[in-house]
1. Restricting attention to helices (runs of 4 or more DSSP H) lying wholly within segment 1-60, give those where 1 or more residues are hydrophobic (A, V, I, L, M, F, W, C).
2. Out of all the residues in segment 140-147, is one or more within 15 Å of S51 (Cα to Cα) and either touching a residue at least 40 places away in the same chain (Cβ under 8 Å) or under 14 Å from the mean Cα position of the chain (by Cα) (or both)?
3. Is it the case, given these coordinates, that A106 is within 16 Å of the ligand (Cβ to nearest atom) and modelled with pLDDT of 95 or more?
4. Out of curiosity, is A99 surrounded by fewer than 18 Cβ atoms within 10 Å (Cβ to Cβ), within 16 Å of the ligand (Cβ to nearest atom), among the aliphatic types (A, V, I, L, M) and part of a helix (DSSP H, G or I)?
5. Kindly indicate which of F54, F83 is hydrophobic (A, V, I, L, M, F, W, C) and within 11 Å of the ligand (Cβ to nearest atom).
6. Based on what the data block shows, is F44 near the ligand (Cβ under 10 Å from one of its atoms) and touching a residue at least 12 places away in the same chain (Cβ under 8 Å)?
7. Specify the residue that is farthest from the ligand (Cβ to nearest atom); the eligible residues are those in segment 1-16 that are farther than 14 Å from N53 by Cβ and exposed (fewer than 10 other Cβ atoms within 10 Å of the Cβ).
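The values are calculated or read from the model by the stated rules, or taken from the named source; none is laboratory data. These numbers were taken from a predicted model, which means no experiment stands behind them. Here the Cβ positions follow ideal geometry from the backbone for every residue, glycine too, while neighbour counts run over all protein chains shown.
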Amino acid sequence: MADEKLVKSRRRVADHGEVFTPRWLVDDMLDLVKSETERIDSRFLEPACGSGNFLVPVLERKLAAVQARYGGSDFEKRHYALFALMCIYGIELLPDNAAECRENLAGTFARYLKTDAVAAEAARTVLAANIVQGDALAMTDAAGDPIVFPEWGYLGRGRYQRRDFRFDALTQRSAASGTLFDAFEEHEIFTPVRTYPAITIDELAKESSR
Ligand SMILES: C[S@@+](CC[C@H](N)C(=O)[O-])C[C@H]1O[C@@H](n2cnc3c(N)ncnc32)[C@H](O)[C@@H]1O
């Protein structure tokens, strides 16, 4: 797009390498993993997510898949749309970019479900946890604590499961493959730092105002 703004300031480019990716290039790159982008439950993490130039199109593709599969049922459409959002993760160093990224994803989600204010609030709870302001290299959040990401699952009948894992532990996942740890089940190596009771959209929406 001709009016896409890919640089905010020369200072930010020099200090943080902040140059945003144009939409045409994002689309070409996502097409390289097309089937994954169109799978509702595939998980995407962008460790330098900016304002969401990759994550927003991923969400759009997932929502198109939700529409194709569950568009005939308001209940399923609503719950799978939120689940699609739950599978999108980002880390961003700069607070304004992290906030913009959450806003852009929230806007895309809200436009899809139109008048569903409760789902929009639930989405804000999810985004507060999934889009972390922090340092992806140090794997720490803005407070200097280890980054923790929620793993969301959809249990069906309107209920979600949440377990939290440390990002630094998750990055060891590939290191375990091809070693003696292959003999273990994944849950024996990777333990959540917290497991939550099953939760509904209404309950998630209430959490956003806390
Ligand atoms: C080249 S821009 C890309 C932004 C986005 N991925 C895109 O393609 O439009 C790099 C982004 O990474 C952020 N960044 C720089 N160092 C980072 C770090 N250590 N951890 C997380 N984000 C970082 C910058 O603030 C900037 O928004």
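1. Details: elements: 10-16, 23-31, 34-37.
Ranges flagged: 10-16, 23-31.
2. Within segment 140-147, the first condition is being within 15 Å of S51 (Cα to Cα), and the residues that meet it are none.
Within segment 140-147 (the criterion being within 15 Å of S51 (Cα to Cα) and either touching a residue at least 40 places away in the same chain (Cβ under 8 Å) or under 14 Å from the mean Cα position of the chain (by Cα) (or both)), the answer is no, since none of the residues qualifies.
3. Numbers: within 16 Å of the ligand (Cβ to nearest atom): no; modelled with pLDDT of 95 or more: yes.
For A106, the condition - within 16 Å of the ligand (Cβ to nearest atom) and modelled with pLDDT of 95 or more - is not met.
4. yes
5. Numbers: F83 fails: within 11 Å of the ligand (Cβ to nearest atom).
Every option except F54 fails the conditions.
6. No: the conditions fail for F44.
7. At the first step, the residues of segment 1-16 found to be farther than 14 Å from N53 by Cβ are 2-3, 9-16.
Among the residues that remain, those that are also exposed (fewer than 10 other Cβ atoms within 10 Å of the Cβ) are: 2-3, 9-11, 14.
Working: A2: 17, D3: 16, S9: 12, R10: 14, R11: 12, A14: 12 Å.
Applying the filter and picking the extreme gives A2.
Rundown of residues vs (1) surrounded by fewer than 18 Cβ atoms within 10 Å (Cβ to Cβ); (2) modelled with pLDDT of 95 or more, yes/no style:
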{"residue": "V148", "(1), (2)": "no, yes"}
{"residue": "L155", "(1), (2)": "yes, yes"}
{"residue": "T179", "(1), (2)": "yes, no"}
{"residue": "E186", "(1), (2)": "yes, no"}
{"residue": "I201", "(1), (2)": "no, yes"}
